[in-house]
Amino acid sequence: MVTGDDVRRFALSLPRTEEHWLRDRAKFKIGRIVYATLSPDETSMGFGFPKEERAALVAAEPHKFHLPAARDMRYHWVRVQLSEIDETEMRELVLDAWRMCVPKAVRAAYDAQHTDGGPKWT
């Protein structure tokens, strides 16, 4: 089972990531852009995800993924129950969310140093 500490440790290892706290939630940001959050009890995680693909993701695994609150539907966002994913999947979700908002040059430098298959989208 993935914990909030696992998410935190991985997110903070990504270039330019900063952790900020707002309303009892840990938020992982690049500049002003939030790409992942932890719920106050750290049992779920919100993460950046392409809007046009999120309905299919949630429909495929509704026990695991959830749409964001109605007020957040305008954002590229999905939620996941941490108890339903393993560390590998958490890393993929966080890394892809990070890639969505980090500058292309930073992403390219990261990809050049890591052999994780590169970005799923640009």
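In units of the rule-of-thumb radius 2.2 N^0.38 Å, the chain shows an alpha carbon radius of gyration of 0.99. Listed by chain and number, the aspartates and glutamates placed with their C-alpha closer than 16 angstrom to that of Lys64 are Glu42, Glu53, Glu84, Asp86, Glu87, Glu89, Glu92; residues fewer than eight positions away on the same chain are left out. Relative to the dominant Cα principal axis of the chain, helix 104-113 is inclined by about 80°.
Backbone phi angles across segment 42-56, fed through the Karplus curve with coefficients 6.51, -1.76 and 1.60 (θ = phi - 60°), yield HN-Hα couplings of 6, 9, 9, 9, x, 8, x, 7, x, 4, 5, 10, 6, 4, 5 Hz in residue order; Gly and Pro are listed as x.
Where a number appears in this text, it was derived from the coordinates with a stated rule and is not lab data. Worth saying up front: this structure is predicted, and the values here are computed from it rather than measured.
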